[in-house]
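Any read-out appearing in this document is the output of simple, stated calculations on the displayed coordinates, not a laboratory observation. Predicted, not measured: the structure shown is a model, and the values here were computed from it. Quick reminder, even Gly has a Cβ in these numbers, built from the backbone with ideal geometry, and neighbours come from all protein chains shown.
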Amino acid sequence: MQLAKVIGTVVATHKHDGLKGYKMMIIQPLTDSLQPSGKPVVAIDSVQAGANDLVHWVSAREATLVMENSFAPVDAAITGIVDDVYVVGGGIKNKEEIFT
Amino acid sequence: MILARVKGNVVASVKYPCYEGQRLLIVQPIDEKGDDLGDSFLACDTVYAGPGDTVLVQREGNTARQLLGTSLDPFHSVIVGIVDKVSVEIKE
């Protein structure tokens with residue numbers, strides 16, 4: 001589960017039956033400081049996200065669970081549209097006590 | 001399972017239904033000395049962890065689904081414990 005930004009859409013008319021009726025988006029994975037991390041991937045959209053939206057997405061086997069056919073050939077799915085990301089500074093609490 | 005520290009959280013109002021009511025935290029993997037290791041990612045919380053906590057994270061879908069919902073929910077990572085102490089006996 002990771003953050004990403006929607007940067008585009010993919011249209012395919014001829015595709016596996018399990019993919020029919022689903023919107024595909026190109027997403028750029030992001031770090032928590034919203035910097036690009038790695039290469040863009042194509043993800044199935046389950047939340048009606050649009051271009052430029054900040055989203056969270058899930059990869060691997062779990063991605064296909066957003067679909068009706070949970071054995072559809074999918075390895076990335078958008079699972080939510082993110083409103084805010086809060087990063088709290090200060091590092092680890094009681095670091096000296098925990099790591100000895 | 002990996003060690004990580006909680007860095008913050010993410011708020012999403014539009015989400016896949018199974019994410020309703022779940023806390024989604026940003027976790028940063030750390031090594032046995034508490035230093036950052038690799039990139040951060042998101043994980044659902046089951047132990048009420050907060051920013052700055054050292055936690056145990058399962059980064060594997062089957063565990064996440066068993067802890068958080070039914071067998072058909074798209075969860076991948078989940079926080080399963082808050083770490084009190086890490087002792088490394090053999091130091092290089």
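The table that follows gives values for the structure above.
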item: Test item: Cα-centred dipole of chain B, Lys/Arg +1 and Asp/Glu -1 on Cβ, debye; result: 260 debye
item: Nearest-20 debye value, the range A:1-83 charge dipole, Cβ charges on Lys, Arg, Asp, Glu; result: 240 debye
item: The range A:2-98: translational diffusion in µm²/s, Stokes-Einstein, Kirkwood Rh over Cα pairs, 10 °C, 1.306 mPa s; result: 109 µm²/s
item: Surrounding net charge for B:Val27, when Lys and Arg each add one and Asp and Glu each subtract one, Cβ distance under 13 Å; result: -1
item: Around A:Lys5: net Lys/Arg minus Asp/Glu count, Cβ-Cβ under 15 Å; result: -4
item: Least to most buried among A:His16, A:His56 (fewest other Cβ within 10 Å first); result: A:His16, A:His56
item: Residues A:Tyr22, B:Tyr19, A:Tyr86 arranged by fewest to most Cβ contacts within 10 Å; result: A:Tyr86, A:Tyr22, B:Tyr19
